[in-house]
Number of protein chains: 2
Amino acid sequence: MVTMDSGALDAARLLAEHRLPGIVVTDRSGHPTAVLPASQVVRFIVPGYVQDDPSLAGVLNESMADRCADKLGDKKVRDVLREHLRDVPTVDAGDTIVEVAATMARHRSPLLAVMKDGELQGVITASRLLAAALKH
Amino acid sequence: MVTMDSGALDAARLLAEHRLPGIVVTDRSGHPTAVLPASQVVRFIVPGYVQDDPSLAGVLNESMADRCADKLGDKKVRDVLREHLRDVPTVDAGDTIVEVAATMARHRSPLLAVMKDGELQGVITASRLLAAALKH
């Protein structure tokens, strides 16, 4: 479970390991409060002047692995998330795949939090939903 | 390679199989022209009245697998893409990982097209980039 107080580097490792487009952040009772997108972590690692001009990337004298450790190592998830928290659309673990698809379509979200008895069970992405839908 | 004239069902299968948040659509010469997000395919499959009220999902008398076949089977990628095509940010296969991160951060895109000699080589997502960055 990832909360606002989880380590930012741990969250980045989870995103990387499971190839997730984003990760659901919960409060201490397991209720989803935000999504941390992988692209937001990438933005956090790259300095502003290199974002403005990617040709300046060559002047960085650190490897990306070192940059990740330096920029994320002593940070918490709350430091990397943008100030504006988003509501996370949720579905229930017992919902049918059509209901899940309907909720995803309605919220135009590539990611939903899956709840069971009010607690976060996991996450479903649009591509995983398609995989389930296409399986006969 | 996916073009505007590729089958929509084939594109959905590619998204599902590789768990991609989106797929790059190219013209016949291999130049990227658009991104088809997995969430857009999900929206296309779910009828409008169910998107407006997901509790109506139960009235659908088709399985999701049948719906996919019915809605996507005779459609092309161009039919599923929204009218407004987006520019696809590109990187070069020879770019460093820092340059790729900088381009991704600059465009706030979760997905980049990777080009080699003017042709599409593949796609890199934010989570795959993090995985490469975190590998020592």
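Summary of computed values
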| item | result |
| --- | --- |
| Charge dipole of segment A:89-136 about the Cα centre (unit charges at C-beta), most positive-ward option of A:Leu134, A:Thr90, A:Gly122 | A:Leu134 |
| A:His31 accessible area, 1.4 Å probe, all protein chains in place, Å² to nearest 10 | 100 Å² |
| Potential extension, A:Leu56-A:His18 segment - 0.36 nm per residue separation minus Cα distance | 10.6 nm |
| Other protein chain Cβ atoms within 10 Å, averaged over every residue that makes up B:73-82 | 0 |
| Size of charge dipole - the protein assembly as shown - debye, nearest 20, with Cβ of Lys, Arg +1 and Asp, Glu -1, no other charges | 40 debye |
| Over 26 Å (Cα to Cα) - which of A:Lys75/B:Lys135; A:Lys71/B:Lys135; A:Lys76/B:Lys135; A:Lys116/B:Lys76; A:Lys75/A:Lys116; A:Lys116/B:Lys71 fall in this group | A:Lys116/B:Lys76; A:Lys75/A:Lys116; A:Lys116/B:Lys71 |
| Helix A:97-107 axis, angle to chain A major axis (alpha carbon atoms, nearest 10°) | 50 degrees |
| Computed [θ] at 222 nm, helices only, for chain A once each DSSP H run of length n ≥ 4 contributes -39500 (n - 2.57) | -11000 deg cm²/dmol |
| Alpha carbon centroid spacing (whole Å) that separates segment B:19-73 from segment A:28-58 | 28 Å |
| Dipole moment magnitude, nearest 20 debye, segment B:89-136 about Cα centre, only Lys, Arg, Asp, Glu C-beta charged | 280 debye |
| Summed residue charge, Cβ within 15 Å of B:Gly48's Cβ, Lys/Arg positive, Asp/Glu negative | +4 |
| Size of electric dipole in chain B: Cβ of Lys, Arg +1 and of Asp, Glu -1, about Cα centre, debye, nearest 20 | 320 debye |
| Shielding of B:3-12 by partner chains, average beta-carbon count, 10 Å | 1 |
| Among B:Ala12, B:Thr33, B:Phe44 - extreme Cα towards positive end, dipole of segment B:1-88, charges at beta-carbon | B:Thr33 |
| HN-Hα J in Hz across segment B:65-71 - Karplus 6.51, -1.76, 1.60, θ = phi - 60°, x for Gly and Pro | 4, 5, 4, 4, 4, 5, 7 |
| Antiparallel content of DSSP bridges confined to chain B, in %, to 5 | 70 percent |
| Per-residue average of Cβ from other chains inside 10 Å of B:41-50 | 6 |
| Charge sum, other residues only, whose C-beta stays under 12 Å from A:Arg28's C-beta, Lys/Arg counted +1 and Asp/Glu -1 | -3 |
| Long-range amide H partners of A:Thr3 with built H, under 5 Å | A:Thr26 |
| Other-chain or far-sequence residues with amide H under 5 Å of A:Lys76's (modelled H) | A:Ala8 |
| Net charge contributed by nearby residues that have their C-beta within less than 10 Å of B:Leu60 (K/R +1, D/E -1) | -2 |
| Amide proton proximity set for A:Asp95, modelled H, under 5 Å, gap of 5+ | none |
| Copy-to-copy label separations for A:Ala65, where each label sits 7 Å from Cα toward Cβ, in nm and ascending | 4.4 |
| Burial order of peptide ranges A:128-135, A:96-103, B:54-61 (average beta-carbon count within 10 Å, highest first) | A:96-103, A:128-135, B:54-61 |
| For q = 0.10, 0.11, 0.12, 0.14 Å⁻¹, Debye-computed log10 I/I(0) when each Cα of chain A counts as one equal scatterer | -0.39, -0.46, -0.54, -0.70 |
| For the axis carrying chain A to chain B: nearest C-beta residue of A, whole Å | A:Pro21, 2 |
| Antiparallel DSSP beta bridges within the protein assembly as shown, as percent of all bridges there, nearest 5 | 70 percent |
| Rounded accessible area of A:Thr90 (nearest 10 Å², 1.4 Å probe) | 70 Å² |
| Estimated vicinal HN-Hα couplings, Hz - segment B:111-120 in sequence order (Karplus 6.51, -1.76, 1.60; Gly, Pro = x) | 7, 10, 8, 9, 10, 9, 6, x, 10, 5 |
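The values are calculated or read from the model by the stated rules, or taken from the named source; none is laboratory data. A quick note: this is a predicted structure, and the numbers were derived from the prediction, not measured. Neighbour counts are summed over all protein chains in view; Cβ atoms, including those assigned to glycine, are modelled from backbone coordinates with ideal geometry. Note: areas computed on protein heavy atoms with side chains; ligands, DNA, RNA excluded. Shrake-Rupley method; radii C 1.70, N 1.55, O 1.52, S 1.80 Å.
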